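Have a look at the structure below before the remarks.
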Amino acid sequence: MEAELGLRERKKLRTRQLISETAVRMFAERGFDAVPVAAVARAAEVSEATVFNYFPTKEDLIYQGMEAFEDELLGAVRDRPAGESIVAAFGRFVLQPRGFLAAPDQDRARFLIAVSTMIADSPALQAREREILARYTASLAALIDDLRPWVVARALIGTHQSLIAFVRRHLADGSVDHVALAQEVWARGRQALDLLEQGLAGYGAKPAAG
């Protein structure tokens, strides 16, 4: 029975991945707003109801991995080592290259540039992204659990949001060396977090185990 359930879960995972990959490819080629969910379903050879079973909204086809990012971000802050501040833990996690900035080759980089451009061109996806970042802020503030959490959380998530906007501005310029851009993003992010550290130095630093 366990083996049967395992097989069923693997099949569901493959279906979910197929739908997601099909949707992202179509959205990148034609634009998010120009591709209906029904077209994604046809291309993935599933029903439209199946798509919505896996992805409750059209926007989830793009942002379906953000819950994992949120969990990892909160984990990096919650499980930071003794003596490390919240800002330092946040920076250690957020400044890791991801997505386009960690593309293994130019073909993948070009595809991810198209995806980023598609997101920037879609009001619906921009609105959803703001919702997600607001949720990150609320989750981080709840984790910090202090009288000042919203100030800290907004500053940190605002830094993350600014880095996203910085990358998109450069992608809009056309030809981009993603390795050089990743280094620039790290440097700019480090500067911003260093500035926060000057005012938040030591805030939230875990005491050593006694």
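Things to note:
- Over the chain, dividing the summed -39,500 (n - 2.57) contributions of all DSSP H runs of at least 4 residues by the number of residues returns a 222 nm mean residue ellipticity of -24000 deg cm²/dmol.
- Degrees between helix 2-30 axis and first principal axis of the chain (Cα, 0 to 90, nearest 10): 90 degrees
- Area projected by the alpha carbon convex hull of the stretch 65-200, averaged over all directions, nm²: 8.5 nm²
- Centre separation in Å (Cα based) which lies between the stretch 18-97 and the stretch 151-171: 18 Å
- Of the three principal axes defined by the Cα atoms of the stretch 2-61, the extents in descending order read 42, 18, 18 Å.
Every number here is computed from the coordinates shown, using simple stated rules; none is lab data. Quick caveat, the model's predicted, so the values are computed rather than measured.
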